[in-house]
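What follows is a short report on a single structure.
The values are calculated or read from the model by the stated rules, or taken from the named source; none is laboratory data. Just so it is clear, the structure is predicted and the values come from calculations on it, not from any experiment. Quick reminder, even Gly has a Cβ in these numbers, built from the backbone with ideal geometry, and neighbours come from all protein chains shown.
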Amino acid sequence: MILVNGQPEDKINVLDRGLQYGDGLFETIAFRDGNPEFLQDHLSRLLSGCERLKISSTQLKAQLDTEIKQVCDSLNHNTVIKITITRGQGGRGYKAQPDNIPTRIISTHDMPKYPKENLQGIKVRFCQQALSENIDLAGIKHLNRLDQVLARSEWNDDDIAEGLMFNNQQQLIEGTMSNLFLVKDGKLLTPELKLSGVAGIMRQQVINAAQQLGLEVIETVLMQQDLKNAEEVFITNSLIDIWPIIEVKAFSSYVYGNITKQLQNSIKNSTR
């Protein structure tokens, strides 16, 4: 199912700034057991991103609430809901017009069929492609994903489930589709996202769960050596929840540890 501005449609105008310039944002939501998981968190991040990009959002929340309900009411199986917001049509040139009307796109997609074994451990690799640095864009899920596209093209080995990415300062930031966590001395470490990266919805859920379990959570600058010294490592996103990392190819291996297991269990039983 695809809705464009609330209407069944699978096309947008070629002058749409999302197509022309990647001028917009998106959210990827897991729809499981009749429920769009963490929906309000996704919408809050989307609206916050619109504010940061100065995309008009005056009526957006009400429109999306109605359209998402329409989509959810039509579903009878687990699926993925993607929400894309662009600045709308704007003609040629980078300058956005103050009266641009945002384009809303809601689409549904098959739930990825990841191996169940991933919940007990995956193998990953380092990517050569660096993440771009931009303080004004760091954290938000904007449409400019070329860094990730190029990074994901670096391997075709089905044994490798994810690639880890650094910025140009060699700071460890995230995976191509995921956020990263390390366990060291009983503390949970995750890269700070001041220069690059996406502040994932599941990332925040894991931080919340860890704090409820009494774990100290530190958002900090992490380098490759920090990964070498970690006791447990895992990645997160809204579709996979938590995947433990048991090997970084040609670098290090890890155990599927107790803290990772506790957090998996906590997320599994959380209200979504």
Worksheet, complete the sentence: Residue count, the range 150-181, condition more than 17 Å from residue 235 (Cα to Cα) and either part of a loop (DSSP other than H, G, I, E, B) or not assigned by TED's automatic domain parsing to the domain that holds residue 198 (or both), comes to 9
Discussion item. Under 9 Å between Cβ atoms, which residue pairs at least 6 apart in sequence (or on different chains) link something in the range 134-150 that is within 16 Å of residue 21 (Cα to Cα) and in contact (Cβ under 8 Å) with a residue 40 or more places away in the chain with a partner that is in a strand (DSSP E or B) and polar (S, T, N, Q)?
Written reply: 141/28; 143/84; 143/86
Discussion item. Given (1) farther than 27 Å from residue 39 by Cβ; (2) under 15 Å from the mean Cα position of the chain (by Cα), identify the lone condition not met by residue 145.
Written reply: (1)
Response to the item:
The condition from (1) of a type in the set (A, V, I, L, M); (2) exposed (fewer than 15 other Cβ atoms within 10 Å of the Cβ); (3) closer than 21 Å to residue 141 by Cα that residue 207 misses is numbered (2)
Worksheet item: residue 139: crowded, with 17+ Cβ neighbours inside 10 Å and in contact with a Ser or Thr (Cβ under 6 Å, 6 or more places away or on another chain), yes or no?
Response: no
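This table checks each residue for (1) of a type outside the set (A, V, I, L, M); (2) outside the structural domain of residue 89 (by TED's automatic domain parsing); (3) outside any strand (DSSP E or B); (4) within 19 Å of the chain's Cα centre (by Cα).
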{"residue": "11", "(1), (2), (3), (4)": "yes, no, yes, no"}
{"residue": "41", "(1), (2), (3), (4)": "yes, no, yes, yes"}
{"residue": "44", "(1), (2), (3), (4)": "yes, no, yes, yes"}
{"residue": "55", "(1), (2), (3), (4)": "no, no, yes, no"}
{"residue": "62", "(1), (2), (3), (4)": "no, no, yes, no"}
{"residue": "65", "(1), (2), (3), (4)": "yes, no, yes, no"}
Item to complete: Return yes or no: is residue 180 buried (at least 19 other Cβ atoms within 10 Å of the Cβ), touching a Phe, Trp or Tyr at 6+ places or on another chain (Cβ under 6 Å) and either over 24 Å from residue 26 (Cβ atoms) or in contact (Cβ under 8 Å) with a residue 24 or more places away in the chain (or both)?
Response: no
Response to the item:
Counting only residues in the range 243-272 that are under 14 Å from residue 208 (Cα atoms) and not in a helix (DSSP H, G or I), the one nearest to the chain's Cα centre (by Cα) is identified as 272
